[in-house]
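The next block holds one structure in the form of structure tokens; read it before the comments.
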Amino acid sequence: MSNLKEKLAAKIEAHRPRTVKLLKEYGDTKVGEVTIAQVIGGMRGIKSLTTDISYLDPMEGIRFRGYTIPEVLEKLPKVPGAEMPYVEGFFYLLLTGDIPNDDEVAAVAEEFNARKKVPQYVFKMLRAMPEDSHPMVMFSAAILSMQRESKFAKEYAEGLNKFDAWKPTYEDAMDLVAKLPEIAAFIYRYKYKDDAIIEGDPNLDMGGNFAHMMGIDKPYDDVARMYFLLHSDHESGNVSAHTGHLVASALSDMYYSMSAMVNGLAGPLHGLANQEVLRWIQGVMDKMDNKVPTEEEMKKFVWDTLNSGQVIPGFGHAVLRKTDPRYSTQRDFCVKHLPNDPIFEYVNVLYNVVPDILVEHGHAKNPWPNVDAQSGVIQWHYGLKEYDFYTVLFAVGRALGVAANIVWDRALGYALERPKSLTTDMLEKIAGIK
Ligand code: CMX
């Protein structure tokens with residue numbers, strides 16, 4: 001049995017007084033000011049959430065529990081013979097802030113194995129859905145259908161002390177995270193591979209088992225590990241993480257919250273951008289008869305998209321102001337494993353032309369590529385060409401961060417979210433127009 005829950009209990013006990021002190025003694029201290037542009041403009045930049053799981057610096061990019069992506073990849077225990085670390089060890093890091101040792105990782109892997117069996121009714125329900133249901137709809141519905149399994153919901157109904165609320169939440173997190181790769185692989189094989197389901201292998205780690213169930217050979221196991229890790233968390237304000245947190249703030253359990261998180265991720269301005277990138281590139285490939293365009297030719301395609309009032313998927317970001325390190329890590333992987341892949345060449349040409357064009361276009365605050373610009377090409381290379389499925393992979397990864405956050409939300413008793421709305425009249429009065 002893993003020591004994760006005991007370790008978490010000690011961390012939580014040590015952390016609680018910090019939150020209590022901030023609230024009780026410094027509750028009136030100002031954090032910042034809010035402008036009308038922020039109120040109308042999607043609350044951009046308003047400092048109004050707390051998380052210790054990750055922090056996103058606009059210039060440096062993401063740090064998970066204080067570690068940059070290269071540091072995480074270097075420090076976490078690796079699967080023997082693999083380049084990438086155990087997803088299980090990464091989840092341990094997100095939850096506790098500590099780099100686990102080999103034994104601790106093995107124990108979490110064992111625990112996930114014990115929890116990963118998906119109830120049969122989930123598969124039955126998925127099979128009953130319309131054939132053209134988007135995989136994200138299937139994924140979200142599968143998670144929601146398991147709400148009846150929630151240990152938090154059961155204990156809450158029986159009367160749960162708020163200081164203990166994190167314990168069944170943790171159980172739900174472990175139960176659900178363990179099952180997500182199984183559900184995702186099922187959806188893929190059912191929908192795109194004639195229902196030829198591949199059973200999981202209990203001897204494999206989460207990434208290795210996912211590759212096995214997808215039916216894709218090495219090094220796709222490392223692709224899966226890298227992908228889940230990179231997509232896990234991007235602090236709390238992005239749509240998926242924020243949705244998960246918001247829904248959980250009503251004490252809706254992990255299943256309700258995670259299903260909602262998936263729905264937020266399914267928007268084309270957020271996680272769905274990874275399928276949009278591939279769709280956009282495929283459109284160019286069709287027009288170019290699969291020839292890699294010159295930079296001049298590519299510029300024309302980019303301008304055509306912008307002039308028709310559409311965004312260039314995979315570029316820009318609400319917080320980042322430089323190339324996303326998640327893009328760079330995936331690019332390094334491509335350089336090493338698939339340097340001559342034709343779609344990788346497209347992605348490279350795009351990297352060379354899009355930022356200058358977006359600057360000239362004058363709208364986007366950040367002209368640089370984000371995580372989604374580079375992720376689809378790797379999936380495509382290893383045979384996963386059904387790009388409607390890409391955001392499900394993002395969702396399996398994002399669930400790690402959202403689950404860790406919700407456990408800590410309960411542990412620290414974070415409040416029900418309830419920001420205040422104003423009317424346009426009121427804003428006009430504040431602005432001095434009326
Ligand atoms: N192509 C064209 N125009 C873009 C653009 C892009 N890639 N990125 C931003 N813009 C435009 C916006 O549409 C907006 O236009 P208007 O002023 O006409 O409304 C303007 O530039 C200002 O936007 P911004 O402040 O720079 O960006 P936002 O914080 O509003 O939005 C994001 C961020 C990611 C939604 C936006 O950059 C975008 O639409 N990118 C393309 C889609 C994408 O790749 N999304 C994935 C992001 C990562 C993820 O969450 O997975």
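Restricting A364, A403 to residues that are assigned to a helix (DSSP H, G or I) and either within 30 Å of M174 (Cβ to Cβ) or in contact (Cβ under 8 Å) with a residue 40 or more places away in the chain (or both) narrows the list to A403.
Whether any residue in region 273-285 is crowded, with 17+ Cβ neighbours inside 10 Å, closer than 22 Å to D172 by Cβ and either of a type outside the set (G, A, S) or touching an Asp or Glu at 6+ places or on another chain (Cβ under 7 Å) (or both) is what I want to check. Within region 273-285, not a single residue is crowded, with 17+ Cβ neighbours inside 10 Å, closer than 22 Å to D172 by Cβ and either of a type outside the set (G, A, S) or touching an Asp or Glu at 6+ places or on another chain (Cβ under 7 Å) (or both).
Selection of first residues in region 43-70 that are over 26 Å from E83 (Cα atoms) and of second residues that are more than 16 Å from the ligand (Cβ to nearest atom) and assigned to a strand (DSSP E or B), restricted to Cβ pairs under 8 Å at least 6 apart or on distinct chains, gives the following pairs, ordered by first then second residue: D57/R63.
Residues in region 91-128 that are part of a loop (DSSP other than H, G, I, E, B) and among the charged types (D, E, K, R) were compared, and the one that is surrounded by the most Cβ atoms within 10 Å (Cβ to Cβ) is K116. Screening R189, R148 for residues that are closer than 28 Å to Y414 by Cβ and part of a helix (DSSP H, G or I) leaves exactly one candidate, R148. Taken as a whole, region 115-129 holds no residue that is closer than 29 Å to R148 by Cα, among the aromatic types (F, W, Y) and under 23 Å from the mean Cα position of the chain (by Cα). Looking only at residues that are over 17 Å from the mean Cα position of the chain (by Cα) and touching a residue at least 60 places away in the same chain (Cβ under 8 Å) in region 329-349, which one is farthest from the ligand (Cβ to nearest atom)? Only one residue tops the list, namely H337.
Residue count for region 413-434, restricted to those that are under 30 Å from R16 (Cβ atoms) and at pLDDT below 95: 0.
The values are calculated or read from the model by the stated rules, or taken from the named source; none is laboratory data. Since the model is a prediction, treat every value here as computed from it, not as a measurement. Please note: Cβ atoms are built from the backbone with ideal geometry, for glycine as well, and neighbour counts cover all protein chains shown.
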